[in-house]
Structures are given as C-alpha cells and as structure tokens.
Amino acid sequence: MKKPLPTIGVDRYTFFNIVSDDENGAEYGEGVNLKGIVEIAPTDAGSSDTFDADNGAYETTTYIEKIGHEITNADIPPEVDAVWRGLERNNGVVEVGNDTATVYFGVAWRILKSDVTYRYVRYYKGSYSFASNVGGKTKPSSGSIDKQTAKATYTAVQRDYDNKYYAYFDESDLPDGITGDELAENWFSDMNWYPTV
C-alpha cells in the first residue's frame, strides 16, 4: 500500500443536469463549472445495526446514510440558485415561493493532494438544498473586511440506471496511457466517461 497523503486543495466543482435516468442508462446535460469553491465536506454517516438472537448479538449490518456533501463557496450566484431550485429567472430576478421543484444533478470535482496529483470524485445523482443566500454583514469602518461565504448541501440518491451513488479514484492509480490532460478534459465534460486504455 502507498503512503497516505494529505489533501491540500479542491477545484473544478462541475454540475450536470440529469436529462434521463432509467434502465437504458443515464444521460446528462452540459457541465457547468461553479467557480469560487472553498470547501467540500462529506455528509456521509456510517453506522451499524445489531440483530439479537439466542441471547446475544446474532448478526450485524453496516450501512451508510446521509450520503452527499456540503459545499462552501465564495457565493451561490442567482443564476445557479435558480437552476438548483428549478426556477425561472424573470429579467434576471429570482423569485422564490412554494413552487420549487426537486431537480437532480450529477456533480464532479477534484482534490489536490500533497504530491501534486489529484483525487477525482463524481456523484451520479442528487439534489441541492440551502438556506437563503441574501444575508450579509456590514463592512467595518476600519481594518480588514470579513469576507462572507455561501453554503449548499447536496444530498445523493441512487441512480435508477445502476443503483450507484458515487465514484472516486486517485490519478496515480490510473493505468499507463491515460494523460492528466485527457483525464481532466473528459471527467468534467462527460459524466459517463471512464478512464480506459
């Protein structure tokens, strides 16, 4: 086994609307890069359940729940807010009411490791939820400005096509013949692409 390396950065957070997801496969729209990503924190929680029989622990089942991630971004722009909520903008204005819909997206990003290689991550299907991003804080009269960020939560669900949640791999584990440029180009343009030689 290789020596585990710390991660030191994250970028290229890209989301894809899901056009279709059925027994024939999953089809995605064009990827949209959300600039200004600060942090991605997994929300996954693992747990176990014990079934007791014969006066003791008989069987244990492990499971993962709350699969997804929380993103911290420089901001969630109004056009992204509208897309994630399934709303139409009217002359640039986002109006939020009770008529929001659950819209599903695939998402991909990469994490920089300390050896300057990347870990690539892909969630196949999920939806966003977030509080209003119209809050703010007054600018100080002197000294450094306290910069604000916006947060959103992505909750993953199994893709209907194959019941998968997500996939990830380290760039250093790829077979020979896959270049970093080819990997980066395809990973962020096609949610169904796999690294093959």
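The values are calculated or read from the model by the stated rules, or taken from the named source; none is laboratory data. Just so it is clear, the structure is predicted and the values come from calculations on it, not from any experiment. Ideal geometry is used to build each Cβ from the backbone, glycine not excepted, and the neighbour counts take in all protein chains shown. Heads up: the accessible areas ignore ligands, DNA and RNA and are worked out on the full protein's heavy atoms, side chains in. Shrake-Rupley method; radii C 1.70, N 1.55, O 1.52, S 1.80 Å.
Within the stretch 88-108, being open to solvent by 20 Å² or more (accessible area, probe 1.4 Å) and over 12 Å from Tyr128 (Cβ atoms) holds for Glu88, Arg89, Asn90, Asn91, Gly92, Val93, Val94, Glu95, Val96, Gly97, Asn98, Asp99.
Among residues of the stretch 48-78 being exposed (fewer than 11 other Cβ atoms within 10 Å of the Cβ) and of a type in the set (Gly, Ala, Ser), the one that is nearest to Gly126 (Cα to Cα) is Ser48. Criterion first (of a type outside the set (S, T, N, Q) and without any contact (Cβ under 8 Å) to a residue 24 or more places away in the chain) does Val121 satisfy it? Spelling it out, it is not the case that Val121 is of a type outside the set (S, T, N, Q) and without any contact (Cβ under 8 Å) to a residue 24 or more places away in the chain. When both residues are 6+ apart or on different chains and their Cβ atoms are under 6 Å apart, which pairs have a first residue that lies in the stretch 43-60 and is under 23 Å from Tyr166 (Cβ atoms), and a second that is surrounded by 10 or more Cβ atoms within 10 Å (Cβ to Cβ)? Every condition considered, the pairs that remain are Thr43/Lys66; Thr43/Gly68; Thr43/His69; Thr43/Glu70; Asp44/Ile64; Asp44/Ile67; Ala45/Lys66; Gly46/Ile64. Considering each residue of the stretch 5-15 in turn, at least one proves to be within 26 Å of Glu171 (Cβ to Cβ), exposed (fewer than 11 other Cβ atoms within 10 Å of the Cβ) and out of contact with any Pro (no Cβ under 7 Å at 6 or more places or on another chain). Residue count for the stretch 59-75, restricted to those that are part of a strand (DSSP E or B) and either within 22 Å of Tyr168 (Cα to Cα) or of a type in the set (D, E, K, R) (or both): 11. Entry remark, the stretch 4-58: residues being outside any strand (DSSP E or B) and on the phi < 0 side of the Ramachandran plot number 12 in total. Just one of (1) open to solvent by 100 Å² or more (accessible area, probe 1.4 Å); (2) over 24 Å from Glu27 (Cα atoms); (3) acidic (Asp, Glu) fails for Glu185. It is (2).
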